[in-house]
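Structure first, commentary second.
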Amino acid sequence: ITELFVKRGEGVIVQPPVYQAFAQTIKSLGREVIENPLVYTEEGYTIDFADLAEKAASPAAKVFLLCHPHNPVGRVWREDELRKLAEICHKNDVLLVTDEIHGDIVYASNKYVGMVDVAGQLTNKVIMITSAGKSFGIPGLLDSLIFTPNTEFYKLLRGRIESLHID
């Protein structure tokens, strides 16, 4: 996804502390890591929306990579938070990529809502990536999926996947 939608020198927004492979992969592809650090409060981790809006407004910001539910902090983002994230990305023409591999693993006090459901009310500039690997303990199958409601993005992604012979 990064190679298709972000040119060298442009950036991907991430929310540390986050799965370390995000930053490693972005940097290894010659793209910039733009950090929107989560804020730790007495209630747990929260999003600094003002900082995110500022970072998303930068011409260098092309993609926002959301980890939902968040790894490693375990935070399940509420629908109102997801909507605000989607609005910021939409306003700034930033592609919203949502990693939802932990979506099936939430405690009963939380309600998981998929970002595509929320963002889809506003934009089709969203891509969801996930796998059954975490939920069902089958990462060895190396099976995953990518979903987007955007036909143009689907064609780009499908072409890239086929060119690598990994579909």
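Annotations for the structure displayed:
- Packing order of peptides 126-132, 32-38, 152-158, highest average first: 126-132, 32-38, 152-158 (average count of other Cβ atoms within 10 Å over each peptide's residues).
- Simple Cβ-charge dipole of the chain, Lys/Arg +1 and Asp/Glu -1, about Cα centre, in debye nearest 20: 380 debye
- Segment 52-98 - Kirkwood radius from inverse mean 1/r over Cα pairs (Å): 11.0 Å
- Atom-type composition of the exposed protein surface of segment 65-167 places 54 percent of the accessible area on carbon and sulfur (1.4 angstrom probe).
- Anisotropy class of segment 57-141 from Cα gyration tensor, a/c 1.5 cut: prolate
- Computed over the chain, Kirkwood Rh from alpha-carbon pairs, angstrom: 16.3 Å
- For K55, the aspartates and glutamates whose Cα falls under 18 Å of its own Cα, not counting residues fewer than eight places away in the same chain, are E10, E32, E35, E81, E87, D93.
- If R0 equals 45 Å, the separation of the Cβ atoms of L29 and N110 corresponds to a calculated FRET efficiency of about 0.85.
- Residue among I26, I138, I88 with the largest mean-square fluctuation in a Gaussian network model of the chain, springs linking Cα atoms under 10 Å: I138
- Here's the list of lysines a cross-link from K27 could span, going by alpha-carbon distance under 16 Å and ignoring same-chain residues fewer than 8 apart: K7, K62.
- Accessible area of the chain divided out per residue, in Å², using a probe of 1.4 angstrom: 56 Å²
- A Gaussian network model of the chain, with springs between Cα atoms under 10 Å, assigns the largest mean-square fluctuation among V14, V94, V39 to V39.
- Taking a ≥ b ≥ c as the square roots of the eigenvalues of the alpha carbon gyration tensor, segment 11-55 is oblate, as a/c is not under 1.5 and a/b does not beat b/c.
The values are calculated or read from the model by the stated rules, or taken from the named source; none is laboratory data. All figures in this text were calculated on a predicted structure; none of them were measured in a lab. Methodologically, a virtual Cβ is constructed for each residue, glycine included, from the backbone with ideal geometry; neighbour enumeration extends over all protein chains shown. Quick note on the areas: whole protein, heavy atoms, side chains included, nothing else; ligands and nucleic acids left out. Shrake-Rupley method; radii C 1.70, N 1.55, O 1.52, S 1.80 Å.
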